[in-house]
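Colleague: One structure coming up, written as structure tokens, with questions to follow.
The values are calculated or read from the model by the stated rules, or taken from the named source; none is laboratory data. Quick caveat, the model's predicted, so the values are computed rather than measured. Cβ atoms come from the backbone with ideal geometry, glycine included; neighbour counts cover every protein chain shown. Ligands, DNA and RNA are excluded from the accessible area calculation, which covers all protein heavy atoms including side chains. Shrake-Rupley method; radii C 1.70, N 1.55, O 1.52, S 1.80 Å.
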Amino acid sequence: MKATLVGMGSVGRALVTLLAQRQRSGGHRPGTPEIRAVVDSRGARLARAGQPLDLEALVAAKAQGVPVHRAEAAGGLGVEAGGPEWSQRLIAESGTELLIEAGPTDLKRPATAMGHLRAAMASGMHVVCVNKAPLATAMPALLELAAYNRVGLRFSGCVGAGTPVLAMGEQLARGDRVRGISAVVNGTTNYILTQMRDAGQSFGEALAGAQQLGYAEADPSGDVDGWDTAMKMVILAAAVMGVKTTVGRSQVEGISKVTREAMAEAAARGKTIKLVGRAGEDGVSVGPAEVDRHGPLDVAGSINAVVFRCDTLGEVTLSGRGAGGPETATAILRDAEDLAKAAGADRGGR
Ligand SMILES: NC(=O)c1ccc[n+]([C@@H]2O[C@H](COP(=O)([O-])OP(=O)(O)OC[C@H]3O[C@@H](n4cnc5c(N)ncnc54)[C@H](OP(=O)(O)O)[C@@H]3O)[C@@H](O)[C@H]2O)c1
């Protein structure tokens, strides 16, 4: 499928690198997207008819801080950002069949990414989205829009990066009923809480350490206040349990009030404190909670753990790496292959 990629950050660059490696090794697989347009915050680069973009040159340019519209070595045509909704217009007129949205997750300003998704779907393009903000703020509307325009909308990289959390939940929900989900899905808070437990640090000390090491952003509120976890739980609840909710309707508490003393008391009882997201048939909640030490939710660092509570199967747990550009890029490829397969089946007269 011819594709437009929005975002050339750690995920976009990892995706383009994987695709370039596949091109070079001749390892083309059916459904592998062919990137014909790339968009970053300052402009876009469009392939000329019959000529592919040089993906390695694009990555090399971005690594040197060159915006895509100035990356002449990649071939194609550079277009500088300009005018309101320029990126939406570019997507709608791209002539591609698939939008890969890997722009920044900005919960306070989801409108840009939302505009990208709407423009794509209204133009009949399928969408693979790893940007959590539009999904977590307007999942029901986006699912309706995809159905109305008869296009596919996939977002498996939003939860668990490459670990197929959504796919496993959806599988479980086919033969059984998933009643609830509990999960540890945020690496930054996991690191901070582990430091508080193992090194006896206060929340402030552990946060400062995480920022120094680059594990936490300069503005860490999206992680430590629980919003990243809430977004992921909203997406999980919708995809696995059919629960139509948004982050705005969720109960969200972060970890800033967790104390060393509470951590030590929990440890004395064989427990540890984690930032736990919960999804049930009545919605989503997020907050610090005691979990069993060495139990399924006692994961470290950027490892995510998700426990699905099913009617018949009981508890089923999946854990694996929950962050990283290359990891997330594999989810994009998986989703794109699924969409291509589904589109092929439709054309086959299903
Ligand atoms: N990294 C992970 O582990 C991970 C895991 C799962 C999901 N995700 C999600 O994947 C997305 C990308 O993550 P990332 O780590 O690659 O982010 P990132 O490094 O911050 O990169 C964001 C990219 O989006 C571009 N951008 C910013 N504003 C834009 C706009 N208005 N129009 C078009 N492009 C715009 C940026 O352009 P410039 O290059 O010009 O700045 C940059 O290339 C995020 O939504 C994130 O939440 C990431």
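Colleague: If a residue must be among the polar types (S, T, N, Q) and assigned to a helix (DSSP H, G or I), how many such residues does segment 13-45 contain?
Modeller: Within segment 13-45, the subset among the polar types (S, T, N, Q) is 17, 21, 23, 25, 32, 41.
Then keep just the ones that are assigned to a helix (DSSP H, G or I); that gives 17, 21, 23, 25.
Final tally of qualifying residues: 4.
Colleague: Does any residue of segment 121-132 turn out to be out of contact with any Gly (no Cβ under 7 Å at 6 or more places or on another chain), within 10 Å of the ligand (Cβ to nearest atom), in a helix (DSSP H, G or I) and more than 30 Å from ASP54 (Cβ to Cβ)?
Modeller: yes
Colleague: Something else now. Kindly evaluate GLY200 against the criterion of being surrounded by fewer than 16 Cβ atoms within 10 Å (Cβ to Cβ) and either closer than 20 Å to ASN304 by Cβ or touching a helix residue (DSSP H, G or I) at 6+ places or on another chain (Cβ under 7 Å) (or both). Steps first, answer last, please.
Modeller: Numbers: surrounded by fewer than 16 Cβ atoms within 10 Å (Cβ to Cβ): yes; either closer than 20 Å to ASN304 by Cβ or touching a helix residue (DSSP H, G or I) at 6+ places or on another chain (Cβ under 7 Å) (or both): yes.
It is true that GLY200 is surrounded by fewer than 16 Cβ atoms within 10 Å (Cβ to Cβ) and either closer than 20 Å to ASN304 by Cβ or touching a helix residue (DSSP H, G or I) at 6+ places or on another chain (Cβ under 7 Å) (or both).
Colleague: Residues that are within 16 Å of the ligand (Cβ to nearest atom): list the strands (runs of 3 or more DSSP E) wholly contained in segment 251-333 that include at least 1 such residues. First the steps, then the outcome.
Modeller: Working: elements: 271-280, 283-292, 303-310, 314-321.
Qualifying strands (runs of 3 or more DSSP E): 271-280, 303-310, 314-321.
Colleague: Let me ask something additional. Pick from LEU18, LEU98: which is open to solvent by 20 Å² or more (accessible area, probe 1.4 Å) and closer than 17 Å to ARG334 by Cα?
Modeller: Working: LEU98 fails: open to solvent by 20 Å² or more (accessible area, probe 1.4 Å).
Criteria check complete, one pass: LEU18.
Colleague: A further question follows. Would you check which residues across segment 1-57 are β-branched (Val, Ile, Thr) and more than 16 Å from the ligand (Cβ to nearest atom) and list them? Before the answer, list the steps.
Modeller: We begin by selecting, within segment 1-57, every residue β-branched (Val, Ile, Thr); these are 4, 6, 11, 16-17, 32, 35, 38-39.
Residue satisfying the conditions is THR32 alone.
Colleague: Helices (runs of 4 or more DSSP H) wholly in segment 156-212 with at least 1 residues that are under 17 Å from the mean Cα position of the chain (by Cα) - which ones?
Modeller: Numbers: elements: 165-175, 187-198, 203-212.
Once the helices (runs of 4 or more DSSP H) in segment 156-212 are filtered for at least 1 residues that are under 17 Å from the mean Cα position of the chain (by Cα), what remains is 165-175, 187-198.
Colleague: Restricting the search to segment 55-80, which residues are surrounded by 15 or more Cβ atoms within 10 Å (Cβ to Cβ) and either touching an Asp or Glu at 6+ places or on another chain (Cβ under 7 Å) or more than 14 Å from MET8 (Cα to Cα) (or both)?
Modeller: PRO67, VAL68, HIS69, ALA74, GLY75, GLY76, GLY78, VAL79
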